[in-house]
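The structure appears below as structure tokens.
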Amino acid sequence: MSRLGGMEDVPGAWLGERFRSTEDLKQRAARLAAGLASLGVAPGSTVLLIARNSFLPIEVALAAGRGGLRVVPVTPHTTGQEVEYLAGDSGAVLTIGDADLLRRLRGSLGALRILAQRTPPEVASAFGIAAADVAVPDGALDYEAVIAEASPRSETAAPAMDASMTSLFYTSGTTGRPKGIVRPAASPDQLVRRRQTLARCYGLDGATRGLVCTPMCHMLGSNFTQATLALGGTVVVMPRFDAEQFLHLVDRHRVTSAPMVPTMFVRLLRLATDVRESYSIATLGHVLHTGAPCPPAVKRAMIEWWGPILWEQYGSSETGVVTLCDSYEWLAHPGTVGRPFLGSVIRVYDNEGNLCPPGVPGEIYARMPGMPDFTYLGRPQAREAIERDGLITGGDIGEVDADGYLYLRDRRSDLVISGGNNVYPAEVEAVLGEHRAVADCAVFGVPDDEFGQRVVAAVALRPGSDTSVVDEFRPFLRERVAGYKVPREFVVVSQLPRSDAGKLLRRQVREQYEAYRAVT
């Protein structure tokens, strides 16, 4: 018997020791779509998805494509306040997810019906979830029961290539208020171009064995999973990233491709040499990383270890992927995120709206052909504000060299990217500002060897407040925002610099912090 039970050549998905073929996933998705329809979830409806990596996000995506539904992927770290906002803003009619997460959040879901799967044992083990919390909560619909009792029509659902075609992903602007990105159905030509883009970025074909080690609630992990299955490949689903477990799965499943973020590289490089050498990575031929800037020393070390198999892309939920860079290009142009590819357009403008010459930084505007246009749900003015000459900006500052390679110089002046997660300071500041002792606050990111950036908060206290109150800030925030958004460090200041118009001068705050740390 082979180490994979004779299933090596059958396309599908692995979760621990369990395997579901693509055909099984499609049939279950068809039954799920029928079950949702019987519950009154009509085409065009929106559902929230709050789950960790397992078979469930795959089946929900397939069912959504079949039933004409929109899925809002929600991070498992979300708080009650955050999910309450997403449910209301998106107009969701149902929430699907892991039992333990929905039990924790049910008080914030209002009248929304809950469809819960018993938290899978692989997930429970990876996250240390208590046995008492894995069962479907009272009053919730049982995910497996709905699938078992449904009677689908005879046709089967085809895997989607692109999560953006069935998902309502949320992003945040400079105000930190989450905004839903709504796109119309793609044309046949757009679908073909998207298929080419995803296959090239991820290094996919029908023989791909992909390791899903990034969360499927983000576009990187979701697109990779759906595209691999759509092309006839197989995915190995990792509920939670662990460096040695990653190497074990690459070895065991002969993984060929994986989407990653730089924080994972840092953790892999920390493994002892004997641990690294215990596993074979010979089959691994294409690793795409994105989500945050990768420290040059880390990238060089990974290339030395794995060889020139690292690829880097740049883009956003709004623009799509607009650059791609292989290892050889990066080594020749250290720090670049690549050149435009497959017809993507990139322009850099100065503050007066003029095009910047090569080597001069400015605001980056871009667009990828093949990505249907979008609007922000209920916020057309916000959508108009980010467009110039038909191109879209995410507020990133960068420059293009004489050879056409793009370099990022300021990853949005306010945005903090920690471990591949976007942290919007304005959102955290708004919540921290509600604390009784906070007169003013500023949240920003500083370099961190493991996470790329770590979140720091400078706080001016109200008169009469003792500095010991700082101990209250972390638990106060953890009740209101996702854990990765909570600052790792709080610094008390007498006051924060603001302009005459009252605008927070965040760059000055960061510079003052760096000067403070240089002498402490």
Just one listed residue, out of Ala132, Ala64, is over 29 Å from Ala185 (Cβ atoms) and not polar (S, T, N, Q), and it is Ala132
Among Leu284, Leu310, Leu268, which is the only one that is closer than 30 Å to Leu391 by Cβ and hydrophobic (A, V, I, L, M, F, W, C)? Leu310
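Among the residues of the stretch 330-352, how many are in contact with a strand residue (DSSP E or B) (Cβ under 7 Å, 6 or more places away or on another chain) and either under 24 Å from Ile417 (Cα atoms) or part of a loop (DSSP other than H, G, I, E, B) (or both)?
Residues flagged as in contact with a strand residue (DSSP E or B) (Cβ under 7 Å, 6 or more places away or on another chain) and either under 24 Å from Ile417 (Cα atoms) or part of a loop (DSSP other than H, G, I, E, B) (or both) within the stretch 330-352 amount to 14.
So that you can scan it fast, the table gives a plain yes or no per residue for (1) under 25 Å from Gly40 (Cα atoms); (2) charged (D, E, K, R); (3) in contact with a strand residue (DSSP E or B) (Cβ under 7 Å, 6 or more places away or on another chain):
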residue	(1), (2), (3)
Ser108	yes, no, no
Ala111	yes, no, no
Ile114	yes, no, yes
Gly128	no, no, no
Restricting the first residue to the stretch 375-391 and requiring it to be not assigned by TED's automatic domain parsing to the domain that holds Leu168, which pairs with a second residue that is assigned to a helix (DSSP H, G or I) meet a Cβ separation below 6 Å and a spacing of at least six or different chains? Thr375/Arg383; Tyr376/Ala382; Tyr376/Arg383
Is it the case that the stretch 345-356 has a residue that's at pLDDT below 90 and either within 25 Å of Ala207 (Cα to Cα) or buried (at least 19 other Cβ atoms within 10 Å of the Cβ) (or both)? no
Which one of these does Phe451 not meet: (1) surrounded by fewer than 18 Cβ atoms within 10 Å (Cβ to Cβ); (2) under 27 Å from Lys299 (Cα atoms)? (1)
Matching residues, the stretch 381-425, being small (Gly, Ala, Ser) and crowded, with 18+ Cβ neighbours inside 10 Å: Gly394, Gly398, Ser418, Gly419, Gly420
Please state which one of Val491, Val481, Val486, Val469 is modelled with pLDDT of 85 or more, over 16 Å from Val428 (Cα atoms) and surrounded by 14 or more Cβ atoms within 10 Å (Cβ to Cβ). Val469
Would you check which residues across the stretch 86-101 are in a helix (DSSP H, G or I) and either more than 21 Å from Pro475 (Cα to Cα) or touching a helix residue (DSSP H, G or I) at 6+ places or on another chain (Cβ under 9 Å) (or both) and list them? Leu86, Ala87, Gly88, Asp89, Ser90, Ala99, Asp100
Among the candidates Gly67, Gly80, Gly16, Gly88, residue that is touching a residue at least 40 places away in the same chain (Cβ under 8 Å) and not charged (D, E, K, R): Gly16
Which one of Ala227, Ala258 is more than 17 Å from Thr75 (Cβ to Cβ), among the hydrophobic types (A, V, I, L, M, F, W, C), crowded, with 22+ Cβ neighbours inside 10 Å and at pLDDT below 95? Ala227
Just name the residue that is farthest from the chain's Cα centre (by Cα) out of those in the stretch 65-82 that are of a type in the set (Gly, Ala, Ser) and part of a helix (DSSP H, G or I). Gly67
Give the number of residues within the stretch 454-466 that are buried (at least 17 other Cβ atoms within 10 Å of the Cβ) and more than 17 Å from Val431 (Cα to Cα). 2
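The values are calculated or read from the model by the stated rules, or taken from the named source; none is laboratory data. Everything numeric here is computed off the predicted structure, so don't read it as measured data. Note: ideal-geometry Cβ built from the backbone for every residue, glycine included; neighbour counts use all protein chains shown.
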